[in-house]
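Accompanying notes for the structure given below.
The values are calculated or read from the model by the stated rules, or taken from the named source; none is laboratory data. Values in this document were obtained by computation on a predicted structure and should not be read as measured data. Here the Cβ positions follow ideal geometry from the backbone for every residue, glycine too, while neighbour counts run over all protein chains shown.
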Amino acid sequence: MKRWLLIVAAGVVLGLITHLAALIALPALVPVPVYSRLAGHGPLNTFFLVDVRAQHPAVPFLDPKFRYAVCRFRLGGQPQYVHVPVEGSYTALSFYTPEGQPFFALNHRSAVDGALDVVLRGPHLPPAAPGAAEQSTALVVESPRSTGIVLLRVLASEPYEADAVAGQFAGASCDAPAPPPAPAPAAPQDDALQILRMSPSNGRGAKIVPMPAPPPEQR
Amino acid sequence: MRLIAQALALFAIAAAVGLGLTELAVRDPPGFADVAVGPWVSHPPNEAVGSDPYFDAAVATSGALPLARGDGLAFTAATDDEGRSLDGRCVYRIAGPVPSARVWTLAVHTDDGALFANAARRFAFAGSEVMRDSTGAIDVVTSPHARPGNWLPTGPAPFVVKLRLYDTTISDSAAQLDGTLPAIARVSCP
C-alpha cells in the first residue's frame with residue numbers, strides 16, 4: 001500500500017514536470033500557427049489586407065474600428081526595411097513571433113517625415129557597422145526569430161476614411177529598399193542635443209536611434 | 001511483472017496529470033499575471049517573449065495577435081458584474097467612466113473572435129463617436145434588437161466585450177484601475 005502511495009506521488013510530480021515541458025513546447029507544436037494560417041491569404045514579405053469583418057476572420061479578435069494589413073516576414077542574411085506612410089489617422093505597427101507573441105510595437109508618434117521606417121534585423125545577424133544607426137532615421141527592431149508577422153493597423157472609425165486608409169496601405173512596404181541616410185549633422189555629436197524619437201511606451205527588442213542634431217543656433 | 005505494472009501506473013498518472021493540466025491551461029488559462037477589475041480582465045502585455053508560458057500557449061492556440069506593450073491595454077469582459085456569462089440574447093448596459101487614452105474602442109465579439117453580423121454594420125464604438133453624459137461617462141447598450149442611443153447589436157450566442165485603450169499611460173495595477181472602468185449590468189433576458 002505504501003509503495004503504491006509512493007508511485008502515485010511520483011506520478012504526480014512527474015506529471016507536473018510533463019505539464020511544464022508540454023506548456024513550453026506547445027507554441028512550437030500548434031498544428032497551424034497564425035503565421036501558417038495567414039500563408040493562404042497573401043505572399044511572403046508583402047502587406048496584404050485582412051478583412052476584420054469576415055464571417056471567419058483570418059485573425060480572431062481584431063478591433064473592428066481599425067483596418068488591418070499583415071505581412072509575414074522571413075529574414076534572410078540582410079536586415080529588412082518596413083516603410084509605412086502616416087497620414088491623419090492613428091497608425092501603429094506591431095511585430096509578432098510566428099505564434100503570435102508580440103515583441104515590439106510603435107505608433108505614428110514615432111513617424112519621421114510622414115512615415116514609419118523600421119529596420120528589422122534577425123537574431124543571428126552580426127552587429128551593424130559602427131555609426132550605421134546614426135546614418136539612418138529608421139528605428140532598428142531586433143526580431144527574436146527569423147520569421148514573424150508585422151501587423152499594420154489604421155483607425156478608420158468613419159466610412160469616409162476608407163480611401164485615405166487604402167492609400168496608406170498602398171504605400172506601405174514590408175520589404176522596402178534601404179532608406180536613404182539622414183543628412184549629416186551640422187554640429188559635433190558631443191555637443192548635439194540628442195532627441196530620442198522612440199515612443200515612451202515602446203518596449204523590448206528595440207534600439208533607440210538618435211535623430212540628427214539640429215544645426216547650431218545663429219548668433 | 002509487478003514492477004512493470006507499477007512503472008506503467010507511474011507513467012499513466014504522469015501523463016494524465018501533465019497533459020490534463022496542459023489541456024485545462026490552454027482551454028481556460030489560469031492568468032497568473034492577469035489584472036482583474038470587476039468583470040474586466042487584462043493581461044498586461046509587458047512581458048518578454050517566453051516569460052509567461054501560460055500566456056504564450058494561450059496566444060499560440062487562439063491564433064490571435066494581441067496588443068503589444070507599445071500598442072496599449074486591452075480589457076476583456078466575458079461576464080456581467082454579477083459573474084454571469086454574457087449572453088447575446090440578453091440586454092446589457094455598459095455604463096461608467098473610461099480611462100484616458102489617445103484612442104479607445106468598445107467592441108463586442110463572439111466568443112471565438114468573430115463579429116455579430118448586423119444590418120447596421122455596427123460592431124464597436126470609438127471614443128470619438130460615442131455619446132457621453134456631462135461627466136464624460138459612457139452609456140452603451142448591447143442588445144439583439146435595435147435600441148435608441150449607443151446601441152451595439154448582438155446575436156443569439158455567448159459573447160465578450162473588449163475595451164481597448166491605445167497609446168495609454170494608465171497604470172495596469174488593479175488597485176489604481178478600480179473605479180475607472182464601466183460597469184456591465186444585465187437589464188433583461190428572455
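Brief remarks on what is shown
- Residues in segment B:65-93 that are more than 23 Å from A:Leu155 (Cα to Cα) and in a strand (DSSP E or B) were compared, and the one that is nearest to the chain's Cα centre (by Cα) is B:Thr79.
- Within segment B:94-117, tally of residues that are assigned to a loop (DSSP other than H, G, I, E, B), surrounded by 16 or more Cβ atoms within 10 Å (Cβ to Cβ) and free of Cβ contacts under 8 Å to residues at least 60 places away in the same chain: 4
- Top-ranked residue in segment A:1-46 [being more than 30 Å from A:Tyr81 (Cα to Cα) and of a type in the set (Val, Ile, Thr); ranked as surrounded by the most Cβ atoms within 10 Å (Cβ to Cβ)]: A:Thr18
- Among residues of segment B:173-190 being surrounded by 20 or more Cβ atoms within 10 Å (Cβ to Cβ) and part of a loop (DSSP other than H, G, I, E, B), the one that is modelled with the lowest pLDDT is B:Leu181.
Quick grid of which residues meet (1) under 30 Å from A:Arg109 (Cα atoms); (2) among the hydroxyl-bearing types (Ser, Thr, Tyr); (3) touching a strand residue (DSSP E or B) at 6+ places or on another chain (Cβ under 8 Å); (4) facing another protein chain (nearest Cβ under 10 Å):
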position: B:Ala124; (1), (2), (3), (4): yes, no, yes, yes
position: B:Gly136; (1), (2), (3), (4): yes, no, no, no
position: B:Asp139; (1), (2), (3), (4): no, no, yes, no
position: B:Pro148; (1), (2), (3), (4): no, no, no, no
position: B:Leu163; (1), (2), (3), (4): yes, no, yes, no
position: B:Tyr166; (1), (2), (3), (4): yes, yes, yes, yes
position: B:Ser171; (1), (2), (3), (4): yes, yes, no, no
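- Check on A:Val112, touching a residue at least 24 places away in the same chain (Cβ under 8 Å), surrounded by 23 or more Cβ atoms within 10 Å (Cβ to Cβ) and of a type in the set (A, V, I, L, M): no
- If you go through segment A:35-71 and keep only what is within 10 Å of chain B (Cβ to nearest Cβ) and assigned to a strand (DSSP E or B), you end up with A:Val50, A:Phe66, A:Tyr68, A:Val70.
- Unique match (being at pLDDT below 80 and touching a helix residue (DSSP H, G or I) at 6+ places or on another chain (Cβ under 8 Å)) among B:Leu65, B:Leu21: B:Leu21
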